[in-house]
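Structure, as structure tokens:
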Amino acid sequence: MVYAIEMYFDKETEKKIMNLAQKVADAGLSTKYLEWKTRPHITLAIFNDVDENKCLDLLAQFVKKHKVFPAFLDSVAMFNDTKTIFLSPTMTRSMYDLQNELHNLMKEFDAKGWEWYQPDSWVPHCTIALTSEDNDNAFFEASNLILHEFKKIDGLYSSIGLVKITFPVEELATFDLNKYQY
């Protein structure tokens with residue numbers, strides 16, 4: 001089984017992101033992202049298998065040491081090979097350090113095959129459209145729609161969770177980051 005540790009946004013930011021994904025669906029271009037029933041997120045790590053209880057205990061302790069911090073989604077980007085359209089966050093030292101610390105904590109779990117989620121090769125992204133299973137033009141039409149609709153989003157990273165990557169995604173637990181002033 002494949003698991004992911006995801007970082008979530010505050011509710012207002014989440015709503016803005018979901019609005020973009022919904023516009024792609026409403027235009028009849030692609031519904032696959034919505035079918036996964038996942039929340040807007042930045043994936044911090046993916047593992048081939050974990051001891052769920054141990055991972056959740058480690059994650060609960062990890063989150064206690066971290067606070068809510070600013071999220072800036074300021075560009076649209078794509079993975080052409082998978083026809084994935086996403087919002088690209090501004091990479092900050094806080095993001096990099098948090099992800100690196102998380103990987104060090106979870107190093108006993110198997111992350112082989114998920115190199116793009118490792119600290120030295122991470123491409124943080126917030127997916128809003130998955131068009132690989134749609135008609136050939138869906139990727140280009142959805143990209144065009146998103147490019148016209150997107151406005152920079154300033155929000156907060158507010159929680160971290162463990163999910164099981166099934167269809168749809170199964171959220172196992174979510175832990176709020178500390179809410180004291182950042």
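Every number here is computed from the coordinates shown, using simple stated rules; none is lab data. Note that this is a predicted model, so its numbers are computed, not measured. Don't worry about glycine lacking a Cβ; one is built from the backbone with ideal geometry, like all the others, and counts go over all protein chains shown.
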> What chymotrypsin sites (Phe, Trp or Tyr not before Pro) does region 20-58 have in DSSP loop regions with at most 16 other beta carbons within 10 Å?
Replying inline: Trp36
>> What does the extension gain come out to for Tyr96 and Asp10, with contour length at 0.36 nm per residue minus their alpha carbon separation?
In response: 29.0 nm
> Phe167: net charge of surrounding residues, Cβ under 11 Å, Lys/Arg +1, Asp/Glu -1, itself excluded?
Replying inline: +1
>> Over the chain, what is the relative contact order in percent, taking alpha-carbon pairs closer than 8 angstrom and at least six residues apart?
In response: 39 percent
> Which of Ser159, Ser94 comes first, and how do the rest follow, when ranked by fewest Cβ neighbours within 10 Å?
Replying inline: Ser94, Ser159
> Quick one: helix 52-64 against the long Cα principal axis of the chain, what's the angle to the nearest 10°, folded into 0 to 90?
Replying inline: 90 degrees
> Direction-averaged shadow area of the convex hull around the Cα atoms of region 3-176, nm²?
Replying inline: 9.3 nm²
>> Using alpha carbons only, how many angstrom separate the centre of region 2-37 from the centre of region 60-92?
In response: 13 Å
>> Students often forget the sequence filter, so: which lysines lie under 23 Å Cα-Cα from Lys11 once same-chain residues fewer than 8 apart are removed?
In response: Lys23, Lys32, Lys37, Lys64, Lys65, Lys67, Lys151, Lys152, Lys164, Lys179
>> Below 11 angstrom from the Cβ of Gly155, what's the summed charge of the other residues (Lys, Arg +1; Asp, Glu -1)?
In response: 0
